[in-house]
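One structure is given here, and the rest of the page talks about it.
What follows draws every value from the coordinates through simple rules; no lab data is involved. Predicted model, so just to flag it, every value in this text is computed and none were measured. Neighbour counts are summed over all protein chains in view; Cβ atoms, including those assigned to glycine, are modelled from backbone coordinates with ideal geometry.
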Amino acid sequence: MILNPSERQTTSNYRWVMLALCTLTPLFVLTLPTMSMPPMFKIISLELELSLVEVGTIWGAPSLIGIFFSLIGGTLGDRFGTRRTLVTVCLLTGFFGMLRGLAVDFATLMAATTFMSAFQMIIPVVVFKVIRQWMPPEQLGMASGITSAGFATGLMLGPLISTSILMPALGGWRQVLFFYGVIAIAFSIIWLFATSREGRHQNSQTARSVSLRENLSYVVRLRNVWILGIAGLGIAGCFQGFAGYMPTYLKAIGWAELDADRALSVFFMLSLIGVIPLSTLSDRLALRRGYLIIAAMILATGITSLAFVTGNLILIVLAATGLFFDSLMAILNATVMEVEGVGYLLAGTALGFATMIRNIGGAVSPPLGNSLAIYGPHVPFLFWGALGYFAVLILIFVLKSPKRKHAA
């Protein structure tokens, strides 16, 4: 019996190498360099004479850019293949990341950050497409969880090592940005050679993939892709708003600066601990929609309760809420790829489209929520919690249970 390319790949032991690459790429090319920036902003702003508004603009650039480039990245991955896309994206991320180290003012730093972020935003969509390509359906949730652990590790380590380890070791913030740029270029080379055996198979599959426009035209007619994107909008809005506001809120209610800055690491640490076992549990129980509902409910309830709890209870809420967050995002991505009618060939376009909708929530909710602080520092949490409950309602009453497939 001759297996088709997809079957050969999902039964090959080489899939574990690809899974490792899909975990390490977002860690070293996306979240670690991104989250290393906030602790360095004070030093960068002094040297480049940046205002607080300019710093905020630079920090907010990825969310806005992600609305458009996540979709573009998904369609590129479907049309030209994951190998070509990741080699190119990692190379250009590294190039523009290094250009940040040459910035002399706001305009040059903003331009380099914008271009780097545009290519970075393509990475999550394409690596999850790789997971769909190489992993069998019964391991898709587990694989998505392991990949999400790479994202979570970068979120947790980035702020901890940038100013305490990398800057002293390398000699300054510019050298740190050069360092991360070199790493991204190294991953481009790794993808070029590590996936060389994939090329023949992928070319035969992508030949059947028609134009970008036709791929997108097909995906937008899939009801569950829309529903998962809209639910993701509520989830992303809930998380993005609270995560950006939390340190400011804690300082406003009297927490010491260092304690306030570190509080959010409790959320990310527990998220990292929970993502793999909980995602694997979703596979074992063949549970997607039910897990999404439970995890989204925990997120919404946790963020809402931050408006009412005080003292050490805040840390307990952050820990309990964070435990489920990254597994929620992992299973959300896996569920998009399992929508009937998507398959491997359109996984990138479907993920890109759902992520585009999701990023709207992440971009819009922080300023909307922050504006409610004039009514009290706790009020924004009620708004972000409501976005989480909106996602729960969508998942309960609108999403149709995905049909799990047992063959690639």
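Table for the structure above
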{"read-out": "Estimated D of segment 82-165 in µm² per second, where Rh is the Kirkwood radius over Cα pairs and Stokes-Einstein applies at 20 °C, 1.002 mPa s", "value": "146"}
{"read-out": "Diffusion constant of segment 202-329 at 20 °C, which comes from Stokes-Einstein with the Kirkwood Cα-pair radius and 1.002 mPa s, µm²/s", "value": "127"}
{"read-out": "Estimated translational D of segment 277-383 in µm²/s (Stokes, Kirkwood radius over Cα pairs; 37 °C; 0.692 mPa s)", "value": "209"}
{"read-out": "Point-to-point label distance, GLN175-LYS251, nm (Cα→Cβ direction, 7 Å offset)", "value": "2.8"}
{"read-out": "Projected-area mean, the chain, by convex hull of Cα positions, square nanometres", "value": "18.9"}
{"read-out": "Selected from VAL17, VAL364, VAL130 as most flexible by GNM, with the chain as the system and alpha-carbon contacts under 10 Å", "value": "VAL17"}
{"read-out": "Those lysines that a straight Cα-Cα span of less than 24 Å connects to LYS400, excepting residues fewer than 8 apart in one chain", "value": "LYS129"}
{"read-out": "FRET efficiency, TYR14 to ILE396 (Cβ-Cβ, R0 25 Å, nearest 0.05)", "value": "0.05"}
{"read-out": "Volume per residue of the C-alpha convex hull in segment 17-107, rounded to whole Å³", "value": "106"}
{"read-out": "Helix runs (DSSP H) in the chain reaching 30 Å along axis by Cα, Kyte-Doolittle at least -0.5", "value": "52-80, 140-161, 173-194, 223-252, 257-284, 313-337, 347-371"}
{"read-out": "Ellipticity estimate at 222 nm from DSSP helix runs (n ≥ 4, -39,500 (n - 2.57)) divided over the chain, nearest 500", "value": "-26000 deg cm²/dmol"}
{"read-out": "Approximate spin-label separation SER217-ILE72, in nm, with each point projected 7 Å along Cα-to-Cβ", "value": "2.2"}
{"read-out": "Packing-based ranking, highest mean first, of 302-313, 143-154 given that Cβ atoms within 10 Å are counted", "value": "143-154, 302-313"}
{"read-out": "Net length gained if the chain between PHE41 and SER164 were fully extended (0.36 nm per residue, minus Cα distance)", "value": "42.9 nm"}
